């Protein structure tokens, strides 16, 4: 029921803003989600983060919106980066066929790259006492993503994101 409510809220906002430009639609949806998210994010039962992120990312992919849109929105709501990484990591590992169907198999990795780049550029987004553990978690995750990327057939997109993750890995090691 809660999933259906969130889906309805997002779809209604998207339908109501269909005449607007892409950036205005993103802004309108973000405002609505931040408003509701700040009220309900503290109660997982009423704010099913995994579902909301997955559904939003599917919309972003379908509408060809900015890859960082959902991460930025969740950041404004106050969702901690470690929790957000956990959600994206689980989404990626679930291997949902949706991403191949819409011909964007690397979309979630692009999102994870945006999320981790945010952390590298501003480590204070994670509490000082959690930073070392989170950096280690990020390094482990990046290693896993690089292994996944090596198992994919090589393309310009795969090579680009592999390079991005290798660069990110070096920056994370410097944070260590």
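Any read-out appearing in this document is the output of simple, stated calculations on the displayed coordinates, not a laboratory observation. Since we're looking at a predicted model, the values are computed, not measured. Positions of Cβ are backbone-derived with ideal geometry, glycine not excepted, and every protein chain shown enters the neighbour counts.
Counting other beta carbons within 10 Å of each residue's own, what order do 30, 167 fall into, fewest first?
Ranked by crowding around the Cβ, least crowded first: 167, 30.
For a footprinting-style exposure proxy, rank 53, 67 by other Cβ within 10 Å, fewest first. Walk me through the numbers on the way to the answer.
Numbers: 53 22, 67 17.
So the residues, fewest neighbours to most, are 67, 53.
Gain in length, residue 146 to residue 166, computed as 0.36 nm per residue apart minus the alpha-carbon separation, to one decimal in nm?
Net length gain for the segment: 6.4 nm.
Counting helices only, and only those DSSP H runs with n ≥ 4, report the 222 nm mean residue ellipticity of the chain as the sum of -39,500 (n - 2.57) divided by its residues, in deg cm²/dmol to the nearest 500.
Computed ellipticity for the chain at 222 nm equals -25000 deg cm²/dmol.
Could you line up 89, 8, 50 from fewest to most neighbouring Cβ atoms inside 10 Å?
Fewest-to-most ranking of 89, 8, 50: 8, 50, 89.
Using only Cα atoms, find the angle between the long axis of helix 128-151 and the longest principal axis of the chain, and express it within 0 to 90 degrees, rounded to the nearest 10.
80 degrees
Which entry is the computed percent of Cα pairs over 22 Å apart for this structure: (i) 63; (ii) 47; (iii) 71?
Identified label for the calculated read-out: (ii).
Once each part is reduced to its C-alpha centroid, what is the distance from the stretch 130-176 to the stretch 70-108 in angstrom?
15 Å
Using only Cα atoms and rounding to the nearest 10 degrees, what angle (0 to 90) does helix 22-40 make with the longest principal axis of the chain?
90 degrees
Taking the chain as the reference, fit the longest principal axis to its C-alpha atoms, fit the long axis of helix 81-93 to the helix C-alpha atoms, and give the angle between the two in degrees, 0 to 90, nearest 10.
Value to nearest ten degrees: 90.
Once the cut-off is 19 Å, how many percent of the Cα-Cα pairs in the stretch 81-176 end up in the long-distance tail?
Cα-Cα pairs in the stretch 81-176 separated by more than 19 Å: 39 percent.
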